[in-house]
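Asker: Below is a structure I'd like to ask you about.
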Amino acid sequence: MSVLLSVSLVLWISFVILSVVFAIFMTKKFLLSDLEPAQRDYFLGLVLFILIHMVSRIFYILYDFYWIDGSQYILFWDIAAAIGTASLIFLLFAIERHIIKKTKFLFTILSIITVCLYFIIYEYRNIVQLFMIPVVAIVIPAIYIYTAIKSTGEVRKNSLIIAMGLIVFILGQAAHSINIWDIFTYDTAFFLYFIASPIGLLIGGLLLFYGLMKT
């Protein structure tokens, strides 16, 4: 394994560890007795998103570093992509339950339909992902930016930090796309996929962690 691949593996393992720590602290907030039902559901949704996304990342690590033959290679990617897509359901549920109740869980329902299509129309799963990722990349940060605009003080500050964290996180996620290899030269694609992606997820995750712990 090359030095850069070793660095990448360390970065991904660091992200998995961060996810565990993040989930533990969010669980503590979820268990607080003085939370309103909507707040409790918000933190529960975040915990489920973090844990499920972490499982997805573990399968991506197996795909990137430990695959043995072609069939397992494809299987690990498919499992990781499916789990990662499904994790977005809980993130959207958390946001719509606590922050934007006017949408009546519209985005959550659409994400469930999208995940179902991922499995039903298997041969078009890349198209399903290409549809879902931009929608999530725009909608979720926009919700927190809107909250920041409508708020003041600590709420505004924390909402902006969370929005910034989400944007960096999503950019990191986008850099770990198999399509990267078809768009850029090998060296650029390698850097984006193996180095920039985990760094983006780590920085975005830390910003999210900080912003959510202050809420």
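Asker: Which ones in region 112-135 are at pLDDT below 75, more than 14 Å from ASP78 (Cβ to Cβ) and either under 18 Å from the mean Cα position of the chain (by Cα) or basic (Lys, Arg) (or both)?
Answerer: LEU130, PHE131, MET132, ILE133, PRO134, VAL135 - these are the residues of region 112-135 that are at pLDDT below 75, more than 14 Å from ASP78 (Cβ to Cβ) and either under 18 Å from the mean Cα position of the chain (by Cα) or basic (Lys, Arg) (or both).
Asker: For residues that are out of contact with any Ser or Thr (no Cβ under 7 Å at 6 or more places or on another chain) and touching a residue at least 60 places away in the same chain (Cβ under 8 Å), scanning just region 194-204, find the one that is surrounded by the most Cβ atoms within 10 Å (Cβ to Cβ).
Answerer: LEU201
Asker: Of the residues LEU32, LEU75, LEU48, only one is modelled with pLDDT under 90 and part of a helix (DSSP H, G or I); which?
Answerer: LEU75
Asker: Where residues in region 177-213 are aromatic (Phe, Trp, Tyr) and part of a helix (DSSP H, G or I), which of them is modelled with the lowest pLDDT?
Answerer: TRP181
Asker: Starting from region 94-106, keep only residues that are within 19 Å of ILE162 (Cα to Cα) and touching a residue at least 12 places away in the same chain (Cβ under 8 Å), then list their pairs with residues that are among the acidic types (Asp, Glu) and surrounded by 16 or more Cβ atoms within 10 Å (Cβ to Cβ) whose Cβ atoms are within a distance under 6 Å, requiring at least 6 positions of separation or different chains.
Answerer: These pairs meet every condition: ARG97/ASP41.
Asker: Given the condition more than 17 Å from VAL16 (Cβ to Cβ), hydroxyl-bearing (Ser, Thr, Tyr) and surrounded by fewer than 21 Cβ atoms within 10 Å (Cβ to Cβ), answer yes or no: does some residue in region 47-62 qualify?
Answerer: Within region 47-62, not a single residue is more than 17 Å from VAL16 (Cβ to Cβ), hydroxyl-bearing (Ser, Thr, Tyr) and surrounded by fewer than 21 Cβ atoms within 10 Å (Cβ to Cβ).
Asker: Would you call PHE65 of a type outside the set (S, T, N, Q) and on the phi > 0 side of the Ramachandran plot?
Answerer: No: the conditions fail for PHE65.
The values are calculated or read from the model by the stated rules, or taken from the named source; none is laboratory data. For clarity, every value in this text was computed on a predicted model and none was experimentally measured. Cβ coordinates were reconstructed from backbone atoms using ideal geometry, including for glycine residues, and neighbour counts include every protein chain displayed.
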